[in-house]
Amino acid sequence: MIDLLIDVIKNDRKHPYYDRVCKLRKKYTRYITGEDMDEEMKQFNRRESIEEFNQRKSITKHITKTVCKNLMKPQFKIPRSNGTVRILNHADQDKEKELVAILNKFWGDKTLDEWMGQRWIELNNIDPNAFCVIEWGDFNPEKERAMPYPVEISSDEAIVFEYKNNVLQYLITRVESKVYEKVLVRYTMYGKDQAIAFQEIDGQDILNSVPANEGEHFYMDVPYYRLGSRVYEIITPTPYNLSVVPAFRIGYVRDLYTNGATFISPLDDAMPIL
């Protein structure tokens, strides 16, 4: 598991359709939000100069945001439909109440149903190749229950994954965070039984203390891994042993261009008209 993660980091590996899904996310975002729509405009008149083209962009009123909002409205009606039925049963009534209480706090102060009826629909339209990873904080399994919550991984951040017979085998993410004006990277690999993370370190004391040769080293009993000038702390949380990867992809409309390996937005058919 760790060898695969190191190989991905060293060789900057991405899944085969990475560029396509990132391009689609950017395109859907522009059309649905209306932001940066000038980038979608093209010169179609050969006699139109650059100055005239820029002027046309400045006076054009983009309406794609309004059109897309109207196209999305029916999707938000589905969770409120009387035809939607949620069934949750457990032989132990106390445990059923306990489970309901956990699901009621799935999305902060909102329920799992509210996340599915709002945020999932938004993501499905704007970034269908994003992943939702289910995480939870530290807890004492002898006294407490895990409190799961959703972590959104954009299509830009989901860099490598593998499916076998439509079952996710693992997911590797690359997430950037800004710390004191410096961008640090965290790579995480989610497997079926355990997750492992490589968190880039900025501390000069640690950078100077970790040997210059590539590989795993220990400093103050903490494992680090050096790759060139970058040093990563190796983080291995307690194994969850679920036998499944605690993540799922957002989309459901398969992209025929990739033979169904990726997804497109439900609004994709409207893009040529827009």
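Looking only at region 90-111, count how many residues are without any contact (Cβ under 8 Å) to a residue 24 or more places away in the chain and touching a helix residue (DSSP H, G or I) at 6+ places or on another chain (Cβ under 7 Å). Within region 90-111, residues that are without any contact (Cβ under 8 Å) to a residue 24 or more places away in the chain and touching a helix residue (DSSP H, G or I) at 6+ places or on another chain (Cβ under 7 Å) number 3. Can you tell me which residues in region 121-136 are over 21 Å from Glu35 (Cα atoms) and within 15 Å of the chain's Cα centre (by Cα)? Within region 121-136, Phe131, Cys132, Val133, Ile134, Glu135 qualify. Of these, Phe106, Phe139, which one is of a type outside the set (A, V, I, L, M) and in contact with a Lys or Arg (Cβ under 9 Å, 6 or more places away or on another chain)? Only one candidate passes the filter, namely Phe139.
I'm told Thr29 meets every condition in (1) closer than 30 Å to Ile196 by Cα; (2) surrounded by fewer than 18 Cβ atoms within 10 Å (Cβ to Cβ) except one. Can you identify the failing condition by its number? Just one mismatch for Thr29, condition (1).
When the helices (runs of 4 or more DSSP H) confined to region 55-160 are screened for residues that are farther than 21 Å from Val253 by Cα, of a type in the set (A, V, I, L, M, F, W, C) and open to solvent by 40 Å² or more (accessible area, probe 1.4 Å), those reaching at least 1 such residues are found at 93-103. Taking each residue of region 51-69 that is of a type in the set (A, V, I, L, M) and looking for partners that are not in a loop (DSSP other than H, G, I, E, B) with beta-carbon atoms closer than 8 Å, six or more apart or interchain, yields Val67/Ala270. If the condition is being open to solvent by 20 Å² or more (accessible area, probe 1.4 Å), at pLDDT 95 or above and more than 10 Å from Ile234 (Cα to Cα), then region 194-206 contributes only Gln194. Against the conditions (1) within 30 Å of Asn259 (Cβ to Cβ); (2) surrounded by fewer than 13 Cβ atoms within 10 Å (Cβ to Cβ); (3) at pLDDT below 85, where does Ile50 fall short? Just the number, please. Condition (1) is where Ile50 drops out.
Taking region 6-24, which residues are farther than 18 Å from Glu162 by Cβ and open to solvent by less than 60 Å² (accessible area, probe 1.4 Å)? Within region 6-24, Cys22, Leu24 qualify.
Among residues that are surrounded by 11 or more Cβ atoms within 10 Å (Cβ to Cβ), part of a loop (DSSP other than H, G, I, E, B) and among the hydroxyl-bearing types (Ser, Thr, Tyr), Ser177 is not included.
The values are calculated or read from the model by the stated rules, or taken from the named source; none is laboratory data. Just so it is clear, the structure is predicted and the values come from calculations on it, not from any experiment. When we count neighbours, we look across all protein chains shown, and the Cβ atoms used for this are built from the backbone with ideal geometry, even at glycine. For the accessible areas, the whole protein counts, side chains as well, though only heavy atoms, and no ligand, DNA or RNA atoms are used. Shrake-Rupley method; radii C 1.70, N 1.55, O 1.52, S 1.80 Å.
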